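Please treat every number below as a calculation from the coordinates, not as lab data. Remember, predicted model here, so these are calculated numbers, not experimental data. Quick reminder, even Gly has a Cβ in these numbers, built from the backbone with ideal geometry, and neighbours come from all protein chains shown.
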Amino acid sequence: MSGVLFHEQTARQRIAALADPGSFVELLPPPERITSPYLAQLGIPVSFDDGIVIGHAKIGGKKVYLAAQVGQFVGGAVGEIHGAKLTGLFKAAARDKTPCILLVESGGVRLHEGSAGEIAIAETMRAIFECRALKVPTIAVIATDIGAYGGIGILSTCCDYRVMTEHGRLGISGPIVIEKWMGKKAYNSADRALVWKTSGGKTKYLLGDADALVHDAPEAVRDAIAKFIGKSRAVSLGSVKARQKELEKRLKKFGTTNDPNAVWKGMGVRNVEAASLASGPEFAALAKRGK
Amino acid sequence: MITAKTALRRQNKVQRIDRVGKLARGKFVSPDKVPEILRRIIEPGDILCLEGDNQKQADFLANQLATLDKKDLRDIHLVMSCITLPAHIDLFRKGMIKQVDFCYAGPQSTAVADLVKAKKFPVGAIHTYNELYARYYIDLTPRVALIAAAKADRKGNLFLAANTEETPAIVEPTAFSDGIVFAQVNEIVDKLPRIDIPADQVDLVVQAPYPMHLQALFTRDPAAITDVQVLMAMVALRGIYEKYEVQSLNHGVGFNTAAIELLLPTYGERLGLKGKICKYWMVNPLPTMIPAIESGWVESVFAVGGEVGMERYTAARSDVFFTGRDGSFHSNRAMGQLAGHYAIDMFIGASLQIDINGNSSTVSKNRITGFGGAPNMGCQPTGRRHPTRAWLKAGAEANPGPGSPPGRKLVVQMVETFQAGRVPTFVEELDATDASIRKALHGVTPVMIYGDDVTHVVTEEGIANLAACRSVAERQAAIRAVAGYTPVGLKRKKRETEDLRARGIVQLPEDVGVRPSEASRSLLATQDIKGLVRWSNGLYDPPSQFVDW
Amino acid sequence: MEKFAKAFPSKPLPSKAAKPWALAGVVGSGNLEVLLERGSRPTNMMECHVETSIPGYKASWLAALSDFAHHYPAGGTKITINDQGASPVLVNLRLRQAYDHLTKGEK
């Protein structure tokens, strides 16, 4: 039961664990010291990589572009430098027709440099859709409790595939924001079980927002990525309409419930208690995943 | 000529019970009558024991007592181990207490400090647990004891469930000296799972309108253990556990020792230490021990109290834990502390402050916490005669003189050099030496563990073997050597440190075979509470604040 | 923010260090990042640059760095630190980790 947990690793450790040994080449590495000028002006500590490590590597012998956000640094939030690195990487992926993988850990835009962050996220989305039009696979891995929120939540769902673990969370508004809007009665952000049952990897997998639910281990994440780097999903009017239908069905089925367990049961989970403790594929086996 | 009067206490008890009269039906009373009954059974000048243990609290009775005031009850000599609840503090604010003898005031430590400043907290002494229980049999025998139990039957037999804690240590001296034992219970039933206190020793019983308060004190979330704590745990395992072959031990409740527990099935296993160390424990059922227990490291665990959520797990592991005929967990604070005093190779715990002589304390002018049980275990039991390998080895190292015992208990202080907020752990002089504190305590400085009893200090810098020091100056140099970048540590001299290191008195992580860059949370058997539940095969039910699934 | 720089005498770094640079830690609350680079001059000095969010602890920073330069052959390296309130304990651990990565090529 022991071993390295993916969610406990640093961004650099994650990359090292996923890439073929020695294959990772970092672009704009720390010795280049390209740091945020805004944070420095505000007296906030800067980081040599501005909260994102980017580069290229091989996974199973296949060349990929790879980025990992650093959640501990201002919540992994996207500022100007961080955003430019992210945009550039996906643009390079489109240019070179090379799969691009983002290890997500971000609450969205960095407030201290908000406009630059918003623009960067929008430009990255455009680059992602450029990749998709060219059938270049894009994959978001969401595997930590910082998760993917705000603009990065949206950006993650623009990718072809999402790989999640039970620790990962995916949404637009974070739990505290939801509580502020809906009231504590409707959504208590301190109720950790509720938060994970609504935005956590297991629920996202059941609802089809995540394409793979894997163990919290680097090998499991790598295996899932390896399965997706050979495939892509076209975006067409037909696929968007089909997705819209699915969402309408989901709203009809669960729109009035306020019990997250009811959603699990509705998606075919018979033994909620056992499923709560199960992880990755074992969880998937306990559920009859629907659409 | 006969001068001794006979059985006056017994006559007095009969009078008190008579005063209760029709307010009770037999031993049983209804909750609304409790304040009046307390007024009738307690007399001015009484020694009153109010059960407030480390975990469970006779909170209903305490709250009812606090509805009375000075005209109902005065000149009370309060004896209780833990001052925990706001109701306890109210008794002092109302001026009902003429003296208090206690052990620990954790959650109320600031309130107690304020009362001391206002001269409303007349302390007899701050005790260690067994010291106070011992005095219940000598000069502090309660006239009335207000206690807490899980269940009573129709005769007044009591079931104490997992949290026996100190109830027997209160009931026995009271009941066998014609005192009155008044129990609050959660439930009254026809048949008890087992009898922990016989009805014969119980005078009054009330079913409280709410279940007794129980603190979850010993749950440490592995997610909060840091890499630095893992480093210290590795150093302690190699430099102390492995070196002395520590077989029987007590662990404190901190994250440092939680890290050690979680390293046993991984790092400890790799070092080949399974079966050689950590077999017999005097410790509460710590959830972080589950992986070590499941991996077969642990022969037995005796506990001073229970822990919320560990009920099903302990019942299912009755080969390891002490359980009653009903199959459920049993604890006993007095006996556990006795075991921790005489029968273990090692006590290892943390402290807020350690001075240059190795004395430690958690008391300051603004926080009077007291002692609890640590000093009962964190001391040299000079009444000990039985040898163990660890005891003899530590004794030989301390180079005993002709007039001292051949062995030594390992008394280990394991601390980071800084507390949260960059407050240094190591100080030249303890805050507890403050003149106003000493005055309130009749000239006693509240020292938790005395430097003379400490054999080792472990920090992230390394180990200082105080037992091997040959002079006071040497001991101070050894402490400075591991005090890191605190003001105490910055005064160390490089040459002195090198000399102590050459003699093995100071050991850096490298000296005990630990590479600091190896220290990582990934070595822990599990990194979160959910992992503990999985290790327990679903038998551990963590409190809801720890659950995110 | 407080910023300072100082060089400490240290035995030269073993010539067969595995990597040109190594990074340990991340900038986050109570944490820091240490960038350790080879190729600085002179080879018997360890050059240090610290930027910390909590001013007032220069003495303990310098003591920690001086001890490190004393214990490890790190001459000819440059250490740059971005700190967000790490304890001296963690500073030490990160320095040792970065050093191990640089000399032994570990991640």
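Report the Cα centroid-to-centroid distance between the range A:207-236 and the range A:252-269 in angstrom, as an integer.
If you average the Cα positions of each part, the centres end up 25 Å apart.
Quick one: length gained pulling residue A:223 to residue A:259 fully straight, 0.36 nm per residue minus the C-alpha distance? List each step's numbers first, then the result.
Working: separation 36, 0.36 × 36 = 12.96 nm, distance 3.35 nm.
My answer for the length gained is 9.6 nm.
Ranking A:36, B:248, A:23 by Cβ neighbours within 10 Å, fewest first, what do you get?
Least crowded to most crowded, the residues run A:23, B:248, A:36.
For the range B:244-250, take each phi angle, set θ = phi - 60°, evaluate the Karplus expression 6.51 cos²θ - 1.76 cosθ + 1.60, and give the result in whole Hz per residue in order, putting x for glycine and proline.
9, 6, 6, 9, 10, 7, 10
Apply the Karplus parameterisation 6.51 cos²θ - 1.76 cosθ + 1.60, with θ equal to phi minus 60°, to every residue of the range B:447-457 and state each ³J(HN,Hα) to the nearest whole Hz, in sequence, with x for glycine and proline.
Using θ = phi - 60°, the values come out as 8, 6, 10, 6, x, 5, 7, 6, 9, 9, 10 Hz.
If you put +1 on each Lys and Arg Cβ and -1 on each Asp and Glu Cβ, how big is the dipole of chain A around its Cα centre, in Debye rounded to 20?
Using Cβ point charges on Lys, Arg, Asp and Glu, chain A gives about 1320 debye.
What value, in deg cm²/dmol to 500, does the helix sum -39500 (n - 2.57) over DSSP H runs of n ≥ 4 give at 222 nm once divided by the residues of chain A?
Working: 13 runs with 130 residues, N = 291.
Value at 222 nm, helices only, nearest 500: -13000 deg cm²/dmol.
Taking other Cβ within 10 Å of each residue's Cβ, how do B:36, A:32, C:37, B:166 sort, fewest first?
Fewest-to-most Cβ neighbours within 10 Å comes out as A:32, B:36, C:37, B:166.
Can you give the percent of C-alpha pairs in the range B:27-175 whose distance is more than 21 Å?
Percentage above 21 Å: 40.
Find the centroid of the Cα atoms in the range C:35-60 and in the range B:171-193, then give the distance between the two in whole Å.
One Cα centre to the other: 67 Å.
What translational diffusion coefficient, in µm²/s and rounded to a whole number, does the Stokes-Einstein relation yield for the range C:1-86 at 25 °C and a viscosity of 0.890 mPa s, taking the hydrodynamic radius as the Kirkwood radius over Cα pairs?
My calculation gives 188 µm²/s for D.
Per DSSP H run of n ≥ 4, the term is -39500 (n - 2.57); total these for chain B, divide by its residue number, and report the mean residue ellipticity at 222 nm rounded to 500 deg cm²/dmol.
The per-residue figure over chain B is -7500 deg cm²/dmol.
Simple spin-label model, 7 Å along Cα-to-Cβ: residue B:318 to residue B:10 in nm?
Reported label-point gap for residue B:318 and residue B:10 is 4.0 nm.
Can you list residues from other chains, or at least 5 along the same chain, whose modelled amide H is less than 5 Å from the amide H of residue A:47?
A:36
Using r as the Cβ-Cβ distance of residue A:233 and residue A:27, and R0 as 25 Å, what FRET efficiency do you calculate, to the nearest 0.05?
Efficiency computed from Cβ-Cβ geometry: 0.40.
Would you mind calculating the relative contact order of chain B from Cα pairs under 8 angstrom and at least 6 residues apart, reporting the percent as a whole number?
Over chain B, the number comes to 14 percent.
Over the Cα atoms of the range A:16-101, each weighted equally, I'd like the Debye log10 I(q)/I(0) at q = 0.11 Å⁻¹, rounded to two decimals.
Debye curve over Cα of the range A:16-101, log10 I(q)/I(0) at q = 0.11 Å⁻¹: -0.31.
Stretched out fully, how many nm does the piece from residue B:176 to residue B:389 gain, at 0.36 nm a residue minus the Cα gap?
Value of the extension gain: 72.6 nm.
Using DSSP to call loops (not H, G, I, E or B), can you name the trypsin sites (Lys or Arg not before Pro) in the range B:346-434 whose Cβ has at most 12 other Cβ atoms within 10 angstrom?
B:385
Which whole number gives the average, over all residues in A:44-54, of C-beta atoms from other chains lying within 10 Å of the residue C-beta?
Mean number of neighbouring Cβ atoms from other chains: 5.
Could you tell me what a quarter of the Cα convex hull surface of chain A works out to, in nm² with one decimal place?
15.6
Name the long-range amide H neighbours of residue B:417: under 5 Å, sequence gap of 5 or more, or other chain; modelled H, no Pro or chain starts.
The answer is B:460.
Considering the Cα trace of the protein assembly as shown, what is its radius of gyration and what is Dmax, both in angstroms?
Answer for the protein assembly as shown, Rg first and Dmax second: 31.4, 115 Å.
So what is the orientation-averaged projected area of the range A:51-141, using the convex hull of its C-alpha atoms, in nm²?
5.2
Could you list A:246, A:123 so that the one with the fewest beta carbons within 10 Å of its beta carbon is first and the one with the most is last?
Going from least to most buried by this count: A:246, A:123.
What distance in nm separates the two pseudo spin-label positions at residue B:137 and residue B:515, each 7 Å out from Cα along the beta-carbon direction?
Using points 7 Å along Cα→Cβ, the separation is 5.5 nm.
Consider just the alpha-carbon atoms of the range B:222-529 and return their Rg together with their Dmax, both in angstrom.
Both quantities, over Cα of the range B:222-529: 18.9, 62 Å.
Could you calculate, for chain B, the ratio of the Cα radius of gyration to the Kirkwood radius, expressed as Rg to Rh?
Over the Cα atoms of chain B, Rg/Rh equals 0.99.
Step through the residues of the range A:161-176 one at a time and calculate ³J(HN,Hα) from phi using the Karplus curve (6.51 cos²θ - 1.76 cosθ + 1.60, θ = phi - 60°), rounding each to whole Hz and writing x for Gly and Pro.
Taking θ as phi minus 60°, the curve returns 9, 10, 9, 10, 10, 5, 7, x, 9, 9, x, 9, 7, x, x, 5 Hz for the range A:161-176.
Once R0 is set to 25 Å, what does the formula 1/(1 + (r/R0)^6) return for the Cβ-Cβ distance between residue B:325 and residue B:541, expressed as a FRET efficiency to the nearest 0.05?
Plugging the Cβ-Cβ distance into 1/(1 + (r/R0)^6) gives 0.60.
Hey, how many Å between the Cα centroid of the range B:302-321 and the Cα centroid of the range B:367-394?
Taking the Cα centre of each part, the range B:302-321 and the range B:367-394 sit 24 Å apart.
Give the long-range amide H neighbours of residue C:75: residues separated by 5 or more places, or on another chain, with amide H under 5 Å away, using H modelled in the peptide plane at 1.01 Å from N.
C:11, C:13
Which trypsin sites (Lys or Arg not before Pro) in the range B:145-183 pass both tests, a DSSP loop state and at most 12 other beta-carbon atoms within 10 Å?
none
Which FRET efficiency, nearest 0.05, do residue B:71 and residue A:185 yield, Cβ-Cβ r, R0 51 Å?
0.65
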